[in-house]
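What follows is a single structure, written as structure tokens, with notes after it.
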Amino acid sequence: MTRNVAAIVQARTGSTRFPGKVLSNLCGKSMIEFLLDRLQQCEIIDHIILATTDLLEDDKLSKVVSDLGIDVVRGSENDVLSRFVLALDNTSATTIIRITGDNPILDPNLIQSAVISFINSDLDYLSNCFPPTYPDGLDVEVFTRAALMQAHKKCTSIYQREHVTPWIRESKTLSVGSFNHN
């Protein structure tokens, strides 16, 4: 049974506070490998895509991830929303999970529960971080492909395009919910 669920991981190596953190060693693997291993434990996810920048500094990140058999798209450093739209070209998924590459301790069961709640809802967007219901590092955002495309077409704010989902959450036309699985 195909649910058409894609996890899009946004990551880059150009962090100003901790350059290269997604490639740093965490328990014998790079942080991004650790995160991708955890995502691959989610049976509900049909497709995982890394959305990174087209900067030369992200060539190594791109290679590491593509060598793992994960699709990679590359685009604007600051317009992360446009990178998500590029990722849609690689998938027919109708349900999208936004994952940030610097959260390697994601809980596969939590992601699974959030996606199931989303699929069983009539929402355009569901998250456990707006408002926060879990500690930082366990953030999960799930939304429809249509909501992402609407954001891409209508969003003009630099801040909103960099952070992908604020336009969706603040939209008066889309349905938004919070997830807190006990």
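For the stretch 28-46, enumerate the residues that are within 24 Å of residue 112 (Cα to Cα) and open to solvent by 40 Å² or more (accessible area, probe 1.4 Å).
Of everything in the stretch 28-46, those that are within 24 Å of residue 112 (Cα to Cα) and open to solvent by 40 Å² or more (accessible area, probe 1.4 Å) turn out to be 29, 33, 34, 37, 38, 40, 41, 43, 46.
Residue by residue through the stretch 95-129, note down the ones that are touching a His at 6+ places or on another chain (Cβ under 9 Å) and within 15 Å of residue 165 (Cβ to Cβ).
114, 128
Please find, among 32, 49, 70, the residue that is closer than 17 Å to residue 139 by Cα and of a type in the set (A, V, I, L, M, F, W, C).
Going through 32, 49, 70 in turn, the sole match is 32.
Which residue pairs have Cβ atoms under 9 Å apart, sit 6 or more places apart or on different chains, and have a first residue in the stretch 106-122 that is within 22 Å of residue 33 (Cβ to Cβ) and a second that is open to solvent by 60 Å² or more (accessible area, probe 1.4 Å) and assigned to a helix (DSSP H, G or I)?
Here the result reads 106/38; 107/38; 108/38; 108/40; 111/38, each pair linking the stretch 106-122 to a residue that is open to solvent by 60 Å² or more (accessible area, probe 1.4 Å) and assigned to a helix (DSSP H, G or I).
Looking at 157, 127, can you tell me which residue is open to solvent by less than 60 Å² (accessible area, probe 1.4 Å), under 13 Å from the mean Cα position of the chain (by Cα) and among the hydroxyl-bearing types (Ser, Thr, Tyr)?
After ruling out the rest, the residue left standing is 127.
Which of the numbered conditions does residue 56 fail, given that it passes all the others? Conditions: (1) touching a Pro at 6+ places or on another chain (Cβ under 9 Å); (2) surrounded by fewer than 19 Cβ atoms within 10 Å (Cβ to Cβ).
(1)
In the stretch 104-120, what count of residues is obtained for those that are surrounded by fewer than 17 Cβ atoms within 10 Å (Cβ to Cβ) and touching a Ser or Thr at 6+ places or on another chain (Cβ under 8 Å)?
Qualifying residue count for the region: 1.
The values are calculated or read from the model by the stated rules, or taken from the named source; none is laboratory data. These numbers come from a predicted model, not from an experiment. In this analysis, Cβ positions are derived from the backbone assuming ideal geometry, glycine residues included, and neighbour counts consider all displayed protein chains. For the accessible areas, the whole protein counts, side chains as well, though only heavy atoms, and no ligand, DNA or RNA atoms are used. Shrake-Rupley method; radii C 1.70, N 1.55, O 1.52, S 1.80 Å.
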